[in-house]
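Shown next, in structure tokens, is the structure this report addresses.
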Amino acid sequence: MAGDTGADADGADTGGADTGCDDTGGAESVTRDAGAGDDGPGGAEDSSARLLKLFEAHRLTPTQRRIAHCLVRKAAEAPFLSSVEVAELAGVSQPSVTRFAVALGFDGYPALRRRLREVAPARQPARSAAYNEYQQAVHAEIENLRHLAALLADPAPVARAGALLAASRPLPVLGLRAAGAQARGFAYFAAKVHPDVRLLDEGGTMLADRIDGAARAGASALLCFALPRHPREVVDALGHARAAGLTVVTVADSAFAPVAAHTDLLLPAAVGTGLAFDTACAPMLLGRVLLESMCDDLPDAQARLEEFDAHAAARGLFVD
């Protein structure tokens with residue numbers, strides 16, 4: 001379950017409570033190159049990437065994208081799930097799962113499941129009942145971090161993102177609602193090395209004006225943190241930013257997130273959904289990785305940090 005999370009209904013095809021798989025949209029992302037092989041420690045991540053590639057090749061409805069997102073998140077279990085179990089996980093009807101399989105070109109769900117068994121791990125992972133719900137949430141976040149580590153095996157997308165952010169003067173950083181904390185954290189540290197960071201963490205009619213102001217001031221890129229539930233205002237803001245000529249880099253919970261259609265470079269980092277409110281350890285860490293990459297493209301980053309440390313010491317800002 002998730003507070004400030006979950007998916008909007010999609011006609012009669014959706015139903016049930018939020019089960020941890022959010023309604024999402026298709027996207028190009030770094031996930032398709034992740035993993036270390038099905039037989040190695042990165043097998044689950046590699047299977048997720050293969051499933052993602054399979055699903056991205058088709059135009060899917062929002063309900064079908066929700067199903068695809070759940071199967072990617074549950075790549076190790078997907079080949080062993082019935083259509084009813086998939087429907088329950090995705091919060092959709094069982095006929096929706098059948099239509100999803102047909103949309104992918106299969107005769108029905110059994111044919112799709114046979115295909116899933118070809119690309120997912122060969123054996124169903126062991127499930128432990130020894131952990132309480134709090135421990136399970138921690139272990140789920142550990143898995144999210146392992147998946148992120150597998151994605152970062154190819155550093156090229158993050159390096160490209162860092163270069164785009166470093167070159168943008170000013171650099172607008174957008175994050176509303178649940179993603180506000182991620183945006184504020186990134187902006188706080190980025191301002192220590194980047195000469196002009198503009199935090200956009202409040203919505204309303206002024207948001208478009210602030211994006212336009214950044215573009216007029218010379219901004220070339222915008223960084224967005226987008227986490228579920230995805231505010232419509234963020235989707236609209238990204239469309240406005242691209243129309244203003246900005247290159248949009250987005251950290252999102254999934255390559256299927258609704259913001260993907262308005263993003264030039266999407267970097268996925270899954271959120272934990274085992275508690276009442278989503279946990280965002282992986283998106284936070286990916287934000288810090290982006291900071292590191294951005295610093296690599298700012299020649300005076302180290303000098304700025306040293307200058308800040310000197311001023312902080314002179315002012316007695318910190319007790320340690």
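The values are calculated or read from the model by the stated rules, or taken from the named source; none is laboratory data. Every value quoted in this text rests on a predicted model; they were computed, and no experiment measured them. With ideal geometry, Cβ positions are generated from the backbone for all residues, glycine too; neighbour counts draw on all protein chains shown. The area values use the complete protein model at the heavy-atom level, side chains included, leaving out ligands, DNA and RNA. Shrake-Rupley method; radii C 1.70, N 1.55, O 1.52, S 1.80 Å.
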Original post:
Any residue at all in region 223-231 that is basic (Lys, Arg) and not in a helix (DSSP H, G or I)?
Top reply: yes
Original post:
Looking at (1) more than 19 Å from Ala181 (Cβ to Cβ); (2) at pLDDT 95 or above, can you tell me which one Glu307 breaks?
Top reply: (2)
Subject >> Pairs, first in contact (Cβ under 8 Å) with a residue 60 or more places away in the chain in region 94-107, second crowded, with 17+ Cβ neighbours inside 10 Å and not aliphatic (A, V, I, L, M), C-beta under 6 Å, six or more apart >> reply: Ser96/Asp13; Ser96/Thr63
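Any idea which residue in region 129-171 is modelled with the lowest pLDDT, counting only those that are of a type in the set (S, T, N, Q) and touching a strand residue (DSSP E or B) at 6+ places or on another chain (Cβ under 7 Å)?
Out of the qualifying residues, it is Asn144.
Can you tell which of Val193, Val235, Val197 is modelled with pLDDT of 95 or more, touching a Cys at 6+ places or on another chain (Cβ under 8 Å) and either more than 27 Å from Cys281 (Cβ to Cβ) or surrounded by fewer than 24 Cβ atoms within 10 Å (Cβ to Cβ) (or both)? Write out each step before concluding.
Working: Val235 fails: touching a Cys at 6+ places or on another chain (Cβ under 8 Å); Val197 fails: touching a Cys at 6+ places or on another chain (Cβ under 8 Å).
Every option except Val193 fails the conditions.
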Subject >> Residue in region 113-123 that is out of contact with any Asp or Glu (no Cβ under 9 Å at 6 or more places or on another chain), modelled with pLDDT under 80 and either charged (D, E, K, R) or closer than 22 Å to Leu52 by Cβ (or both) present >> reply: yes
Original post:
Considering only region 242-298, how many residues are open to solvent by 20 Å² or more (accessible area, probe 1.4 Å), over 25 Å from Ala208 (Cβ atoms) and among the hydrophobic types (A, V, I, L, M, F, W, C)?
Top reply: 9
**OP:** Please go through region 63-96 and pick out each residue that is surrounded by fewer than 20 Cβ atoms within 10 Å (Cβ to Cβ) and modelled with pLDDT under 80.
**Re:** Ala76
**OP:** Search region 275-299 for residues that are over 22 Å from Val248 (Cα atoms) and pair each with any residue that is assigned to a helix (DSSP H, G or I) and hydroxyl-bearing (Ser, Thr, Tyr) when their beta-carbon atoms are under 9 Å apart and the residues are at least 6 apart or on different chains.
**Re:** Leu275/Tyr134
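If I go through region 271-301 residue by residue, how many of them are part of a helix (DSSP H, G or I) and either among the acidic types (Asp, Glu) or at pLDDT below 95 (or both)? Can you show your working first?
Taking region 271-301 first, the residues part of a helix (DSSP H, G or I) are 281-296, 301.
With either among the acidic types (Asp, Glu) or at pLDDT below 95 (or both) added as a condition, the list becomes 292, 296, 301.
The number of residues fulfilling the criteria is 3.
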